[in-house]
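The values are calculated or read from the model by the stated rules, or taken from the named source; none is laboratory data. Just so it is clear, the structure is predicted and the values come from calculations on it, not from any experiment. Don't worry about glycine lacking a Cβ; one is built from the backbone with ideal geometry, like all the others, and counts go over all protein chains shown.
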Amino acid sequence: MIRITLGAVSKPLESLKIKTGDWGAEYPVIDEEKCIGCGECEIFCPDLCIELVERPESKKEESKKAKKVAKINYNYCKGCGICEVVCPAEAIKMELKEIYKGELK
Amino acid sequence: MKAFGSGHGACPGCGLPIAVKNVLESVAPCFVVNSTGCLEIISSQYGKSAWGVPYIHSLFENAAAVAAGIEVALKALGRTDEGPIVVFAGDGATADIGIGMLSGMFDRRHNVLYVCLDNEAYQNTGNQQSGLTPTGCYTTTTPSGKMLPGKLGPKKDMVAIALAHKVPYVATASVAFPRDIRRKAKRALDFDGPKYLQIHSPCVTGWGIEGRQAIPIARLAVETGLYPILEYEYGKLVRVRKIKQRKPVEEYLKLQKRYRHLLKHPRGYEIMEELQRIADENAMKFGLDV
């Protein structure tokens with residue numbers, strides 16, 4: 001009888017402890033006013049870090065367009081910019097991270 | 001639990017996770033078999049597994065055989081209701097190294113969904129030519145220079161090879177159309193027996209593109225007619241993605257570093273004409289034009 005001990009078995013979704021959010025130089029910013037909650041960015045995101053959430057109650061009346069809004073988990077976003085390209089409402093803009101701004105010394 | 005999680009090691013802008021997560025969206029819970037390749041490296045390092053479904057990687061060539069074994073074992077144990085078996089293999093593992101095992105799996109009619117993630121070269125080891133590399137493409141084993149204008153032979157027609165095995169469901173898809181991937185993966189499970197799905201997926205480093213360009217470039221491959229999106233059921237072509245205004249192939253080629261030698265190589269024009277001829281032929285054969 002072969003016994004497999006836990007030392008040799010990988011557990012599911014252990015990758016979640018790897019925070020890939022610091023890989024990229026840029027990060028996406030969502031303009032919640034423009035977001036139409038279509039989910040196009042969610043379906044394309046290669047790092048699975050965008051999800052559609054309910055719009056906060058207070059802001060629901062301001063924008064009558066959509067009940068949902070995209071939310072980015074910056075812990076895992078690698079800043080590839082695919083969401084910016086595929087967004088039909090142009091609600092996502094890539095911005096340079098603060099630490100990369102300014103001149104090289 | 002998610003079937004595929006964040007924190008994997010793919011390059012920013014890689015097409016593979018987009019294909020994988022959308023296939024799994026339709027078929028999970030399932031058993032995943034993976035061949036050696038980029039997907040294995042990025043998602044299954046020890047202690048960093050990105051999978052939330054049962055996953056096995058054995059060797060480069062035998063993903064189809066392992067999947068066949070799992071299918072038979074589940075049948076013998078009476079556990080057929082626990083989900084389908086899905087193989088994720090790269091283009092090299094499908095068209096070159098594992099084609100024997102794949103042919104055997106098709107031949108024995110195992111109930112397995114085989115997904116070929118086609119990034120058109122061995123990108124895991126740094127862009128070497130595979131059977132699915134298209135004509136004129138620069139790779140490290142077919143460098144452009146005095147002797148060669150990139151790869152000389154044609155792209156292997158894996159769809160025709162699958163059809164020749166009388167596989168009941170054969171389809172191609174592209175990461176530029178993820179909803180299409182979801183529908184096709186779901187549709188494939190309606191068929192009993194082997195299923196073949198080939199997904200075109202851009203590689204940021206191998207193709208020499210920027211991460212953000214990955215989706216527009218994958219879309220251009222479809223819109224030029226170089227990568228027709230097809231769906232065969234029982235050997236009959238049932239659906240194609242029509243193209244409203246077919247674009248010249250040059251538009252697709254000039255965006256990628258792997259094709260940039262074509263613009264100045266003495267035989268580059270010849271290759272470009274050949275690629276245009278392939279695109280025209282695809283459009284004629286499958287009726288891509290509206």
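Within the stretch B:244-277, take every residue that is surrounded by fewer than 19 Cβ atoms within 10 Å (Cβ to Cβ) and of a type in the set (A, V, I, L, M) and give me the one that is modelled with the highest pLDDT. Looking at the filtered set, the residue picked out is B:255.
Identify, please: which residue in the stretch B:1-57 is under 17 Å from the mean Cα position of the chain (by Cα) and of a type in the set (S, T, N, Q) and is, among those, farthest from residue B:89 (Cα to Cα)? Result: B:22. Within this structure, residue B:131 passes the test of being part of a loop (DSSP other than H, G, I, E, B) and out of contact with any strand residue (DSSP E or B) (no Cβ under 7 Å at 6 or more places or on another chain). Being away from chain A (no Cβ under 14 Å) and over 16 Å from the mean Cα position of the chain (by Cα) holds for only one residue in B:88, B:106, and it is B:106.
Condition check ((1) under 23 Å from residue B:200 (Cβ atoms); (2) free of Cβ contacts under 8 Å to residues at least 12 places away in the same chain; (3) at the interface with another protein chain (Cβ under 8 Å from one of its Cβ atoms); (4) crowded, with 18+ Cβ neighbours inside 10 Å) across all residues:
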position: B:5; (1), (2), (3), (4): no, no, yes, yes
position: B:12; (1), (2), (3), (4): yes, no, yes, yes
position: B:17; (1), (2), (3), (4): yes, no, yes, yes
position: B:34; (1), (2), (3), (4): yes, no, no, yes
position: B:43; (1), (2), (3), (4): yes, no, yes, yes
position: B:71; (1), (2), (3), (4): no, no, no, yes
position: B:81; (1), (2), (3), (4): no, yes, no, no
position: B:95; (1), (2), (3), (4): yes, no, no, yes
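A single entry from B:172, B:139 fulfils the requirement of being more than 17 Å from the chain's Cα centre (by Cα) and either in contact (Cβ under 8 Å) with a residue 40 or more places away in the chain or in a strand (DSSP E or B) (or both): B:139. Scanning the stretch A:80-96 for residues that are more than 13 Å from the chain's Cα centre (by Cα) and part of a strand (DSSP E or B), we see that the one that is farthest from residue A:41 (Cα to Cα) is A:96.
Residues of the stretch B:100-125 that are without any contact (Cβ under 8 Å) to a residue 40 or more places away in the chain and surrounded by fewer than 24 Cβ atoms within 10 Å (Cβ to Cβ): B:100, B:125.
Quick check on the stretch A:26-44: of everything there that is touching a helix residue (DSSP H, G or I) at 6+ places or on another chain (Cβ under 6 Å) and within 10 Å of another protein chain (Cβ to nearest Cβ), which residue is farthest from residue A:67 (Cα to Cα)? First the steps, then the outcome.
Restricting attention to the stretch A:26-44, the residues satisfying the condition of being touching a helix residue (DSSP H, G or I) at 6+ places or on another chain (Cβ under 6 Å) are A:28, A:40-41, A:43-44.
Next, only the ones that are within 10 Å of another protein chain (Cβ to nearest Cβ) stay: A:40, A:43-44.
On the way: A:40: 15, A:43: 18, A:44: 20 Å.
It comes out as A:44.
For the stretch A:50-78, the set of residues classified as modelled with pLDDT of 90 or more and part of a loop (DSSP other than H, G, I, E, B) consists of A:73, A:74, A:75, A:76, A:77, A:78, listed by residue number.
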